[in-house]
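Working notes, structure below.
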């Protein structure tokens, strides 16, 4: 949150791209207060309320069928995506994308959140792909360069 407070935007609209460790309600609300939307991966135990029923995204994902998904291309990748918009534990309204790479939905879905509900599904995925490049870079630095315990390689 301190980094968010210190950030000086250079564009009119700014997005905070985060991984699953940082998509807490407290952080997303803090970012919204500063005028920044959050896009990031969330953990499978995140609580949502489809139809007013409390459930985890992981449990809810088991009830989604292929015909309820849309085929979405973001960059060079194509995903089967179910879009949920509504309440989560910490926010009154957010978008969560349930994303599978296999057409039969047999692989584990990735769960991507956006506090900007005006974005299209493909826009959210395109923005999040920028975060994925960072993740790959961090993994390389930690694994091959031994930078595992340095402060800047969060």
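The values are calculated or read from the model by the stated rules, or taken from the named source; none is laboratory data. Just so it is clear, the model here is predicted, and its values are computed rather than measured. Cβ placement follows ideal geometry from the backbone for every residue including glycine, while neighbour counts extend to all protein chains displayed.
Taking the listed residues 139, 131, the one that is in contact with a strand residue (DSSP E or B) (Cβ under 6 Å, 6 or more places away or on another chain), modelled with pLDDT under 90 and either surrounded by 13 or more Cβ atoms within 10 Å (Cβ to Cβ) or not in a loop (DSSP other than H, G, I, E, B) (or both) is 131, with no other qualifying. Every listed requirement among (1) at pLDDT 65 or above; (2) out of contact with any helix residue (DSSP H, G or I) (no Cβ under 8 Å at 6 or more places or on another chain); (3) farther than 16 Å from residue 16 by Cα is met by residue 109 save one, (2).
Just so you know, in segment 54-86 the residues that are modelled with pLDDT of 95 or more and in a loop (DSSP other than H, G, I, E, B) include one that is nearest to residue 27 (Cα to Cα), and it is 54. Test residue 90 against the stated conditions and say whether it is in a loop (DSSP other than H, G, I, E, B) and closer than 25 Å to residue 29 by Cβ. So residue 90 fits the description; yes.
Any residue in segment 46-55 that is surrounded by 14 or more Cβ atoms within 10 Å (Cβ to Cβ), without any contact (Cβ under 8 Å) to a residue 24 or more places away in the chain and under 19 Å from residue 105 (Cβ atoms)? Yes; the residues of segment 46-55 include at least one that is surrounded by 14 or more Cβ atoms within 10 Å (Cβ to Cβ), without any contact (Cβ under 8 Å) to a residue 24 or more places away in the chain and under 19 Å from residue 105 (Cβ atoms). The residue that is surrounded by the most Cβ atoms within 10 Å (Cβ to Cβ), among those in segment 22-43 that are within 11 Å of the chain's Cα centre (by Cα) and either more than 14 Å from residue 115 (Cα to Cα) or without any contact (Cβ under 8 Å) to a residue 60 or more places away in the chain (or both), is 22.
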